[in-house]
Amino acid sequence: MAIKDTLKEIVQNEASDIFIVAGRALTYKVHGHLVSYGDSADILKPRDCYDLISEIYGLAGNRDLKYLEDVGDDDFSFTLREAARFRVNAFKQRGSLSAVIRVIAFDNLHPEKLMIPDEIINFPLEHKKGLVLITGPAGSGKSTTLACMIDKINRNREAHIITLEDPIEYLHNHVKSIVSQREIISDTESYLTALRASLRESPDVILLGEMRDPETISVAMTAAETGHLVLSTLHTIGAANTIERIIDAFPPNQQHQIYIQLSMVLQMVVSQQLVETIDKKRVPAFEIMKLNPAIRNNIRERNLQSIENFIATGEKEGMILMNKSLANLVRDGIITEDTAYKSTTNPENLERELYFANKSKLTP
């Protein structure tokens, strides 16, 4: 079977990722579980991997395979109009070519189906400047959440949206907004170069795929400070940890200024993770921190230990702690208590949240 037909079939099986690795059958992931494609005895040999990956490079506009062979890593994306869009990381391992392919469904920008709260999706319509961060581990759905936010802006605002991605995942048509999507390497040399250039391109909204280094973080904060809405990601869990990660990226002699600048430009931090449901699927759990005067002051004063308390008491402002989100999923019968405990970084606090969640369930 040609790789195009194989990809179509795997997409129909609700796969999230596809693995081409020598020594194992072609494998895909469904709701966090690995499934062998076809006969599990069909072990891929290095030559099989080379042929499959060569076909994928052909589907990606006959992309040159030589770069992968010379450098050892390559990132790109491509579209099968009858199936989905795919984000590919091809790499060498043990002397043979391998690839991990993320499936990006065309019809995936439905926040209600994805259980993304309105507090997150509507936030960019209510705040037209500042820094918004979507954080969480790899594979937690950060790119999908960002794409839903961009889609919401695109359908409701007249704006120039610039996305800087590595690679481009979701494709956005122009609706009310103009959406300029730039891919690192193929359209520009780096996030930093593209971000600096974007400030001369009359942007209203800038999506920065990832804040990877102090220079990029600094320019992103300056962009947010000068009246632009900047959306970006970090691989952190929890609002306080996110702030610490940003501060720690800078040398000690700059950190005081970064605390002050961050307290002014940061608007919202969303931390998310995917957790297994009772029926073996996956749903997101969210922590949402919106910057109010008390939280801004605590950041400015470097008092990050108190941030969780302000989030816990900020429910009327649309804030929620991760443990409260997990407890709500348990209360609603979506996940088990065991799953909640496996997903928390603060078991003692989760125990209290579960007690109150169960109590509210029993209260008429």
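The values are calculated or read from the model by the stated rules, or taken from the named source; none is laboratory data. Predicted, not measured: the structure shown is a model, and the values here were computed from it. We place every Cβ from the backbone using ideal geometry, glycine too, and count neighbours over all the protein chains shown.
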*Right, ARG81: over 19 Å from the mean Cα position of the chain (by Cα), among the basic types (Lys, Arg) and at pLDDT 95 or above or not?*
no
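Only one of GLU244, GLU225, GLU183 is closer than 26 Å to GLU126 by Cα and among the acidic types (Asp, Glu); which? So that I can check it myself, show each step before the final result.
Values: GLU244 fails: closer than 26 Å to GLU126 by Cα; GLU183 fails: closer than 26 Å to GLU126 by Cα.
Unique residue meeting the criteria: GLU225.
Using the structure shown, decide if ALA159 is surrounded by fewer than 22 Cβ atoms within 10 Å (Cβ to Cβ), under 16 Å from PRO203 (Cα atoms), in contact (Cβ under 8 Å) with a residue 40 or more places away in the chain and of a type in the set (A, V, I, L, M, F, W, C). Before the answer, list the steps.
Working: surrounded by fewer than 22 Cβ atoms within 10 Å (Cβ to Cβ): yes; under 16 Å from PRO203 (Cα atoms): yes; in contact (Cβ under 8 Å) with a residue 40 or more places away in the chain: yes; of a type in the set (A, V, I, L, M, F, W, C): yes.
For ALA159, the condition - surrounded by fewer than 22 Cβ atoms within 10 Å (Cβ to Cβ), under 16 Å from PRO203 (Cα atoms), in contact (Cβ under 8 Å) with a residue 40 or more places away in the chain and of a type in the set (A, V, I, L, M, F, W, C) - is met.
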*Please find, within segment 146-185, the residue that is farthest from ALA60 (Cα to Cα) out of those that are out of contact with any strand residue (DSSP E or B) (no Cβ under 9 Å at 6 or more places or on another chain) and part of a helix (DSSP H, G or I).*
ASN156
*Report those helices (runs of 4 or more DSSP H) wholly inside segment 266-364 carrying at least 3 residues which are farther than 30 Å from PRO252 by Cα, without any contact (Cβ under 8 Å) to a residue 40 or more places away in the chain and in contact with a Leu (Cβ under 9 Å, 6 or more places away or on another chain).*
322-331, 347-362
*Where residues in segment 316-342 are farther than 26 Å from GLN267 by Cα and small (Gly, Ala, Ser), which of them is surrounded by the fewest Cβ atoms within 10 Å (Cβ to Cβ)?*
GLY333
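What strands (runs of 3 or more DSSP E), lying completely within segment 76-137, carry at least 2 residues that are outside the structural domain of PHE286 (by TED's automatic domain parsing)?
Correct list: 84-93, 96-104.
Take the conditions in a strand (DSSP E or B) and either surrounded by 14 or more Cβ atoms within 10 Å (Cβ to Cβ) or without any contact (Cβ under 8 Å) to a residue 40 or more places away in the chain (or both) and apply them to ASP39. Does it pass? Even if it seems obvious, please write down each step before you answer.
Values: in a strand (DSSP E or B): no; either surrounded by 14 or more Cβ atoms within 10 Å (Cβ to Cβ) or without any contact (Cβ under 8 Å) to a residue 40 or more places away in the chain (or both): yes.
No: the conditions fail for ASP39.
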*Restricting attention to segment 216-239, does a residue exist that is at pLDDT below 95, in a helix (DSSP H, G or I) and not acidic (Asp, Glu)?*
yes
*Look at TYR67 and say whether it is touching a residue at least 24 places away in the same chain (Cβ under 8 Å), more than 25 Å from the chain's Cα centre (by Cα) and surrounded by 15 or more Cβ atoms within 10 Å (Cβ to Cβ).*
no
